[in-house]
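Input: a single structure, listed below in structure tokens.
Bear in mind that the values in this text are calculations on the coordinates, not laboratory data. No experiment lies behind these values; they were computed from the predicted model shown. Positions of Cβ are backbone-derived with ideal geometry, glycine not excepted, and every protein chain shown enters the neighbour counts.
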Ligand SMILES: [Mn+2]
């Protein structure tokens, strides 16, 4: 380590310096003084201009970037959730003011009842893609994620803009606005509309003319995106989420919001949730539930969410199989364990299997033929997997 010592100037030294400056100013000729002032004003103005440019709001920068394209693809991640869909809708709405044609696309599936309700109730039109060839345009804008994934050729896609709140680097050449401290991508886009003086109105989309207006579908969608990503203002929330919700409030349609927040749940999903609760294995504060074969793997995470609410339980894993693959969904509110590591450590020894995640949320996939030893010699029963998971939970992962 290099130690640097700073000497603090004494008071008398400072006084001498100030006196010296006064003498220079008093004795200088008026012409020299005027010249000096001119030079100061010139450079000062330059600096102010540079700062203003540097501080030009992301909203204006993004709008400018949008305006350079005749058409763009707005792409979500493979599990388009309300935040991703709201962000996509918001970009699409902003693009109508820059005369940019837009297509919203997504890899993966929209299955969760909340996501299906979002699409139907808020009239989102989005296309599914399977490979890079399906992209409607070369100009790809990523929302709610910062590197393309979940479709063939995703690695080759170089986005022109990225708006997200997940950690990541983005791409050097693209407009990039990644705010990891924000609770939702919807918050970032709401901030754009607010900064650009858009007015939330309670009328539907069709009534929007040239005025800078936020129709009720977009407003309600953005509100729903903020609500879901922050767990109704209880998770990863900042000032921005609260302040921007106030801005959105006047344009929210209460009926639409109710329909997207509380959609009907399919009988199968509720049955899986109930089965996960009934068939749970409990060891101390941990619960693991194997619900067998399911047609809707989305229901596993909902079952895990519900099981975690059980009194006395602080970490859960729910598993079920579909098409020769065992899917695991894990949740924790136990600070002693890292759920992502628990799943990763147990699954890494099984061929063609794997998983991981964050401290409080994890998931994984296991090839059933490999687990049961039909392909390789060393197989195990599903009940043995449950035991291994319990053992790993106790070590903390
Ligand atoms: Mn999000």
**OP:** Would you compute, from DSSP H runs of 4+ residues alone, the mean residue ellipticity of the chain at 222 nm, taking -39500 (n - 2.57) per run and dividing by the full residue count, rounded to the nearest 500?
**Re:** -13000 deg cm²/dmol
Subject >> Inverse mean reciprocal Cα-Cα distance (Kirkwood Rh) of region 268-395, Å >> reply: 14.2 Å
Original post:
Taking the alpha-carbon centroid of each part, what is the distance from region 282-310 to region 225-268 in angstrom?
Top reply: 25 Å
Original post:
Counting pairs of alpha carbon atoms under 8 Å apart in space and at least six apart in sequence, what relative contact order in percent does region 63-142 give?
Top reply: 41 percent
**OP:** Given the peptides 390-397, 312-319, arrange them by the average over their residues of other C-beta atoms within 10 Å, most packed first.
**Re:** 312-319, 390-397
**OP:** Calculate, for residue 166 and residue 41, the FRET efficiency according to 1/(1 + (r/R0)^6) with r their C-beta to C-beta distance and R0 45 Å; round to the nearest 0.05.
**Re:** 0.50
**OP:** Can you check what the Kirkwood hydrodynamic radius comes to for the chain, Cα pairs only, in Å to one decimal?
**Re:** 24.6 Å
**OP:** For each of 305, 177, 169, count neighbouring Cβ atoms within 10 Å of the residue's Cβ, then give the residues from fewest to most.
**Re:** 169, 305, 177
Original post:
Measuring from centroid to centroid over Cα atoms, what is the spacing of region 86-148 and region 328-397 in Å?
Top reply: 33 Å
Subject >> Using alpha-carbon coordinates, inclination of helix 298-308 to the longest axis of the chain, degrees >> reply: 80 degrees
**OP:** Mind sorting 308, 385 by how few other Cβ atoms lie within 10 Å of their own Cβ, fewest first?
**Re:** 308, 385
**OP:** Please report the relative contact order for the chain, taking Cα pairs under 8 Å with a sequence separation of at least 6, and give it as a percent rounded to a whole number.
**Re:** 10 percent
